[in-house]
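Since the structure comes first, as C-alpha cells, the remarks are kept for the end.
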Amino acid sequence: MSLTAKETYMMNGVSNSIGLFKAKFSSRLPEIEYRLSGTSSWKVEDGFLVSTLNSIDVVNLSHPEFDDLIDLKEIMPLNLADRSEIVELSDSKMTLKSESDNELYHCKRALTR
C-alpha cells in the first residue's frame, strides 16, 4: 500500500486532503489506485496531532469493476479520532508516529502566510 497526499492544515482547526492511494488487497486482484479527498478537524494535544475525519470522497481510478467487492469508504470511518505523536516539527518538515499502526510518516512542510 502507498499513500501520497497533500494535507492543508488551517489555523481554524480544519484540514483538507487530496491524494492518491494504491493498494493490492489480494494476490488475485490487481493493484488498485484511488483518488481520495476529504476534510478533517485537527488539534495539537500534549505533543500529539489529533485528527478526526469528517468527510471523504473516494474515486477508483484504475479498476472500478471491483467497487462492489471493496468499499474503501467503509474502511475509513468518519468521526473517529486518530492520534500521532509529533516526533519532529520544523519550517520544512513534520514527522509523525501514528498510534494506530506505529508507523513513521515523513511530511514536507510549507508555511503560507
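Bear in mind these aren't lab numbers, they're just calculated from the coordinates by the rules spelled out. It should be emphasised that the depicted structure is a prediction, and the values quoted were computed from it without experimental measurement. Note that we place each Cβ from the backbone using ideal geometry, even for glycine, and neighbour counts take in every protein chain shown.
Using 0.36 nm per residue of separation minus the Cα-Cα distance, give me the extension gain between residue 33 and residue 86 in nm, one decimal. Intermediate results must be reported in sequence, preceding the final value.
Details: separation 53, 0.36 × 53 = 19.08 nm, distance 2.87 nm.
Full extension of this stretch gives 16.2 nm more.
Arrange the following residues from fewest to most other Cβ atoms within 10 Å of their Cβ: 4, 39. The partial results should precede the final answer.
Details: 4 8, 39 15.
Fewest-to-most Cβ neighbours within 10 Å comes out as 4, 39.
Hey, fewest Cβ within 10 Å first, where do 75, 18, 32 land in order?
On the way: 75 10, 18 13, 32 20.
Exposure proxy ranking, most exposed first: 75, 18, 32.
Hey, got a sec? Which trypsin sites (Lys or Arg not before Pro) in region 1-102 land in a DSSP loop and have at most 12 other Cβ atoms within 10 Å? Intermediate results must be reported in sequence, preceding the final value.
Values: sites: 6, 22, 24, 28, 35, 43, 73, 83, 93, 97; in loops: 24, 28.
Of the trypsin sites (Lys or Arg not before Pro), the ones in loops of region 1-102 whose Cβ has at most 12 other Cβ atoms within 10 Å are 24, 28.
Computed from the mean reciprocal separation of all distinct C-alpha pairs, what Kirkwood hydrodynamic radius does region 2-108 have, in Å? Each step should come with its number before you reach the end.
Details: mean 1/r = 0.0664 Å⁻¹.
Radius from the Kirkwood sum: 15.1 Å.
Quickly work out the residue 5-to-residue 68 label distance, labels modelled 7 Å from Cα along the C-beta direction, and quote it in nm with one decimal.
2.9
Given charges of +1 on the Cβ of Lys and Arg and -1 on the Cβ of Asp and Glu, with all other atoms neutral, how large is the dipole of region 1-106 about its Cα centre, in debye to the nearest 20?
Working: 10 positive and 18 negative charges, 39 e Å.
Here region 1-106 has a charge dipole of around 180 debye.
Compute the signed sum of charges (Lys and Arg +1, Asp and Glu -1) over the other residues within less than 11 Å, Cβ to Cβ, of residue 109.
Neighbour charge sum, excluding residue 109 itself: -1.
For the chain, please report how many Lys pairs fall under 25 Å Cα to Cα, leaving out neighbours fewer than 8 apart on the same chain.
Going through the chain pair by pair, I get 20.
Please identify the longest segment of the chain free of exposed GluC sites (Glu not before Pro), where exposed means a DSSP state other than H, G, I, E or B and no more than 16 other Cβ atoms within 10 Å. Don't skip to the answer; put the middle values down first.
Numbers: sites that count: 31, 99, 103.
The longest such stretch corresponds to 32-98.
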